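Report on one structure; see the data block that follows.
The values are calculated or read from the model by the stated rules, or taken from the named source; none is laboratory data. Since the structure is predicted, the reported quantities are computational estimates derived from the model, not experimental observations. Cβ coordinates were reconstructed from backbone atoms using ideal geometry, including for glycine residues, and neighbour counts include every protein chain displayed. The protein model used for the area step is the full one, side chains on, heavy atoms only, and it has no ligands, DNA or RNA in it. Shrake-Rupley method; radii C 1.70, N 1.55, O 1.52, S 1.80 Å.
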Amino acid sequence: MFNEVPELYDRVRPGYPDELFAELGAVTSMDQRSSVLEVGCGTGQATRSLAALGCSVTAVEPGADMAALARHRIASFRNVEVETSTFEEWDNRGRRFDVLVAASSWRWVDPSIGWQRAHDMLHPGGWMALLGHVVVRRPGEPEVYAETADLHERFCPGNPDWGHPPLEEDVRGTDEGWGLVDDPGELFGPTIVAQRS
């Protein structure tokens, strides 16, 4: 879907604050010796920030046009490799990683395959980080998304809450670690939830 318009996607897709990657580095102890697997790198928005931490990044992206744009955008980094494949079918050639990062992409991974595969590709004690955006509303603000809910349902059906985002205070008060994706069961330890504006 996004692969057909990679430049448009890259232009309108919100990025991630630098503080998020600094905190991710601190929590996971990522440094120049670390190996990171990024699942669904898209056009390389998060990839650049991961590469800037100095770690070795292998990014997997199923869309050939998205992957090509990502390669172009991160060409100045020597510590990044972009491979075109779905995560479920990707040949890791026996490699394991210290950290697996999925920035707004894990929901596209088949959970019946993805969770176990992610677990198996991490070194013992490795980390899995799911990054994403949450649309919120503030008290007294009109629910502007309600006016476009019919379009969202038409093009991306199955999310009836689209026109009614949660209140910001409710989101900030939650500690639901896996967000909008299925829980991985016992494969991973306790979650850490961090929120940045």
Could you list, in sequence order, the residues of segment 87-109 that are surrounded by fewer than 19 Cβ atoms within 10 Å (Cβ to Cβ) and farther than 14 Å from GLN45 by Cβ? GLU88, GLU89, TRP90, ASP91, ASN92, ARG93, GLY94, ARG95, ARG96, ARG107, TRP108
Out of all the residues in segment 110-119, which are open to solvent by 30 Å² or more (accessible area, probe 1.4 Å) and not aliphatic (A, V, I, L, M)? ASP110, PRO111, SER112, GLN116, ARG117, HIS119
Please find, within segment 120-136, the residue that is modelled with the lowest pLDDT out of those that are open to solvent by 60 Å² or more (accessible area, probe 1.4 Å) and touching a helix residue (DSSP H, G or I) at 6+ places or on another chain (Cβ under 8 Å). VAL134
Restricting to helices (runs of 4 or more DSSP H) lying wholly in segment 17-94: which have 3 or more residues that are in contact with a Ser or Thr (Cβ under 8 Å, 6 or more places away or on another chain)? 18-28, 64-73
For THR84, all conditions in the list (1) surrounded by 11 or more Cβ atoms within 10 Å (Cβ to Cβ); (2) polar (S, T, N, Q); (3) farther than 18 Å from CYS41 by Cβ hold save one; what is the number of the exception? (3)
With the structure loaded, tell me whether GLU147 is at pLDDT 70 or above, open to solvent by 70 Å² or more (accessible area, probe 1.4 Å) and either farther than 20 Å from PHE87 by Cα or among the small types (Gly, Ala, Ser) (or both) or whether it fails that test. no
Does PHE21 satisfy being within 17 Å of LEU131 (Cβ to Cβ) and among the aromatic types (Phe, Trp, Tyr)? yes
State yes or no: is ASP10 open to solvent by 60 Å² or more (accessible area, probe 1.4 Å) and modelled with pLDDT under 90? no
Kindly provide the set of residues from segment 23-48 that are without any contact (Cβ under 8 Å) to a residue 40 or more places away in the chain, in contact with a Leu (Cβ under 8 Å, 6 or more places away or on another chain) and surrounded by 15 or more Cβ atoms within 10 Å (Cβ to Cβ), ordered by number. GLY25, THR43, GLY44
Scope segment 49-59; condition surrounded by fewer than 24 Cβ atoms within 10 Å (Cβ to Cβ), closer than 22 Å to ASP120 by Cβ and touching a helix residue (DSSP H, G or I) at 6+ places or on another chain (Cβ under 9 Å); matching residues: CYS55
Could you give every pair whose Cβ atoms fall below 8 Å, whose first residue belongs to segment 114-128 and is farther than 18 Å from GLU88 by Cα, and whose second residue is open to solvent by 30 Å² or more (accessible area, probe 1.4 Å), counting only separations of at least 6 or pairs across chains? HIS123/ARG96; HIS123/ASP98; GLY126/ARG96; GLY126/ASP98; TRP127/VAL27; TRP127/ASP98
